[in-house]
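Structure first, commentary second.
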Amino acid sequence: MIGKKIGPLATYQIAVLFCGILSQATAASVADVEIRQLLDYLERSGCVVYRNGSWYSASDARAHLEKKYRYLLDKRWVDTTEDFIDRAAAASSMSGKPYQVQCEGRKQVSSAEWLTTELQRLRRASATKP
């Protein structure tokens with residue numbers, strides 16, 4: 001009924017629900033910022049990415065990963081940056097073969113390792129900002 005008072009328990013439950021929704025939205029926006037930073041870093045890296053038997057420029061790799069990211073967002077399958085790395089950026093959805101990253105003067109590594117290392121660096125840098 002409209003205008004009927006709700007008790008303290010109902011008020012508490014509504015507050016908890018709202019905080020949960022707000023927390024999920026905040027986590028999603030943090031993940032989105034981190035993922036965009038990772039994609040920016042990849043594009044600027046000058047590295048090449050091995051995917052399904054071919055090497056791709058960092059710019060082409062970014063475009064491909066962005067497309068996969070949008071797909072996962074539409075399906076609501078990405079809540080964290082780690083979800084993005086695991087579900088979109090670590091391996092081919094078609095073949096299951098892992099992606100590799102090769103940067104000039106460095107050893108070839110899995111894209112999951114490369115992106116996770118950069119994510120850790122980004123998080124350390126943001127933790128030290130005032």
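The values are calculated or read from the model by the stated rules, or taken from the named source; none is laboratory data. Quantities reported herein were computed from a predicted structural model and do not represent experimental measurements. Cβ atoms come from the backbone with ideal geometry, glycine included; neighbour counts cover every protein chain shown.
Among the criteria (1) under 30 Å from ALA127 (Cβ atoms); (2) of a type in the set (Ser, Thr, Tyr); (3) at pLDDT 95 or above, the one TYR56 does not fulfil is (1). Would segment 100-120 turn up any residue that is free of Cβ contacts under 8 Å to residues at least 12 places away in the same chain and either over 23 Å from TRP55 (Cβ atoms) or under 12 Å from the mean Cα position of the chain (by Cα) (or both)? Looking for residues that are free of Cβ contacts under 8 Å to residues at least 12 places away in the same chain and either over 23 Å from TRP55 (Cβ atoms) or under 12 Å from the mean Cα position of the chain (by Cα) (or both), one finds at least one in segment 100-120, hence yes. Restricting segment 68-88 to residues that are buried (at least 16 other Cβ atoms within 10 Å of the Cβ) and hydroxyl-bearing (Ser, Thr, Tyr), the residue that is farthest from the chain's Cα centre (by Cα) is TYR69.
Within segment 56-76, residues that are within 9 Å of GLU43 (Cβ to Cβ) reach partners that are of a type in the set (Gly, Ala, Ser) and outside any helix (DSSP H, G or I) with beta carbons closer than 8 Å, at six or more positions or on different chains, in the pairs ALA58/GLY46.
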